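Some notes on the structure that comes next.
The values are calculated or read from the model by the stated rules, or taken from the named source; none is laboratory data. In this text the structure is predicted, and so the values were computed from the model without any measurement. Cβ coordinates were reconstructed from backbone atoms using ideal geometry, including for glycine residues, and neighbour counts include every protein chain displayed.
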Amino acid sequence: MLLSASLHMDSKISSVEILELGEKGREISSPWSSTILLVRLTTSDGTVGYGEAPTTLMTLPVKESLREVERVFSGKNVFNVERNVKEFYKHSFYLSKSMEATSALSAFEIASWDIIGKKLGAPIYDLMGGQINDRIRAYANGWYSNCVTPEDFLNKAKQVVKMGFTAMKFDPFGNNFDSISKKGLRNAVAIVEKLRDGLGDDVDLLIETHGRFSTRAAIEAGRALEEFNPFFMEEPVHPELEVGLAEFKRYVSIPVALGERLLNKTDFARYISEGLVDVIQPDLTNSLGILENKKTAAIAEAFGVPVAFHNAFGPIQTAATLNVDYTIPNFLIQESFEAFWPDWKKNLVKSGYKLENGYFTLSGRPGLGIEVDEKIIESHKVDGMEPFDENEPPWVVSGTYKE
């Protein structure tokens, strides 16, 4: 009883630091290789926790939203995660529709759990029901920079397999957007066929569509790629076209994955219960953090739907996501950009998790389990908008948005 009282007495959030990190002079528009937004919380007894927010062409709006969340969380007991989140929900009128607001709130929620774990001397996964998965199968993303032709893709894919990955995701659609040309369709088919023939059936191929297509174009693309047995097709239609997903699933047998643009468990419950998705991909950094996504995974489990968390930003996000992966029985596979990050991002976290031979493992240390390199934070602080390339959207892998 006395221990509990003491813990809570020293658990007020006394300091909030909002950090934008990058590397000036070599940034490219893709967020997985450029900017990071972090929040660093400190409690009254000096315990520090880190959270992360996404930056896809909205760095400054999210940064301002972090300051709004700060007004609610400052001085609050860090242990009261649900209460603090609900308090912001009460004040944030557009939270259910604003990715800027949910992203900012997610960063504070993740940092809170990092502190809670440290104070209790336990990894977050032990506080979320304990470990059910011993190691986490990863799929590679970000590996296909500057790939345009089938030969480009296969040459790089072989290197990915040598790293130990047994699955990889890629976008074979070049600069086709909304519609797909006959040439674009032929090239996409040629790329996937080249990879299937060159890598064999034991490597899973995950098709990234980036929500770029109308319903008709998505169906054309999906039907053309079915014969290569993709693991799933991610965001086949524009994100607002929920009715298009139902139409896509009528004509295409490839499993549908989506979720990086859904903001809470209620959004996921709707998609799942209406049969619009086969694999959910929540992003902890924009869908209210760790506890909300544990709940989302439970909803999916009740419908027999597996979880493959979206994970495209930085190592704090990865550590948070892995802590949830460890605890969910319906875990499927985990996205990983780690091997293809710039050096500063690779080194931002000194230790805490490992990626070896295509599998993640966590350190088991308290909280997120990571050790952040404060020198890299200090040397890579930036302020401003992330890079912009008028010829290439920030959601593609660099050098691939070409005919």
- line: Listed by first then second residue, the pairs whose first member lies in the range 343-368 and is aliphatic (A, V, I, L, M), whose partner is loosely packed, with under 14 Cβ neighbours inside 10 Å and modelled with pLDDT of 95 or more, with beta carbons under 8 Å and at least 6 positions apart or on separate chains, are Val349/Glu371
- prompt: Of all the residues that make up the range 132-143, how many are out of contact with any Gly (no Cβ under 9 Å at 6 or more places or on another chain) and at negative phi?
  reply: 7
- prompt: Out of all the residues in the range 118-139, is one or more under 23 Å from Asp201 (Cα atoms), touching a residue at least 12 places away in the same chain (Cβ under 8 Å), among the hydrophobic types (A, V, I, L, M, F, W, C) and in the same structural domain as Ile219 (by TED's automatic domain parsing)?
  reply: yes
message: Any residue in the range 207-226 that is more than 15 Å from Ile191 (Cα to Cα) sitting within a Cβ distance under 6 Å of a residue that is assigned to a helix (DSSP H, G or I)? List the pairs, counting only those 6 or more apart or interchain.
response: Thr215/Gly244; Thr215/Glu247; Ala218/Phe248; Ile219/Phe248; Ile219/Tyr251
message: among the β-branched types (Val, Ile, Thr) and either closer than 30 Å to Asn187 by Cβ or in the same structural domain as Leu206 (by TED's automatic domain parsing) (or both): is that true of Val69 in this structure?
response: no
- request: Six or more apart or on different chains, Cβ under 7 Å: which pairs go from a residue in the range 237-262 that's under 16 Å from Thr56 (Cβ atoms) and modelled with pLDDT of 95 or more to one that's among the acidic types (Asp, Glu) and not in a helix (DSSP H, G or I)? Could you list them?
  value: Leu258/Glu234; Leu258/Glu235; Glu260/Asp283
Hits in the range 89-118 (condition: hydroxyl-bearing (Ser, Thr, Tyr) and either in contact with a Cys (Cβ under 7 Å, 6 or more places away or on another chain) or farther than 16 Å from Ser65 by Cα (or both)): Ser112
message: Could you go through the range 226-238 and let me know if any residue there is more than 24 Å from Ile110 (Cβ to Cβ) and among the polar types (S, T, N, Q).
response: yes
- prompt: Which helices (runs of 4 or more DSSP H) does the range 231-347 wholly contain that include 2 or more residues that are in the same structural domain as Gly164 (by TED's automatic domain parsing), of a type in the set (Val, Ile, Thr) and under 20 Å from Glu52 (Cα atoms)?
  reply: 289-302, 315-325
- request: For residues that are surrounded by fewer than 20 Cβ atoms within 10 Å (Cβ to Cβ) and out of contact with any Gly (no Cβ under 7 Å at 6 or more places or on another chain), scanning just the range 366-380, find the one that is nearest to Thr327 (Cα to Cα).
  value: Asp373
- request: Return the total of residues in the range 44-86 being of a type in the set (S, T, N, Q), surrounded by fewer than 24 Cβ atoms within 10 Å (Cβ to Cβ) and not in a helix (DSSP H, G or I).
  value: 6
query: Which condition number does Asp152 fail, the rest of (1) among the acidic types (Asp, Glu); (2) in contact (Cβ under 8 Å) with a residue 24 or more places away in the chain; (3) crowded, with 16+ Cβ neighbours inside 10 Å being met?
result: (2)
task: Return the residue satisfying two criteria in turn: it lies in the range 264-292 and is surrounded by 24 or more Cβ atoms within 10 Å (Cβ to Cβ) and touching a Ser or Thr at 6+ places or on another chain (Cβ under 6 Å), and of such residues it is nearest to Thr321 (Cα to Cα).
output: Leu284
Matching residues, the range 166-210, being of a type in the set (Phe, Trp, Tyr) and either more than 25 Å from Gln281 (Cα to Cα) or surrounded by fewer than 18 Cβ atoms within 10 Å (Cβ to Cβ) (or both): Phe177
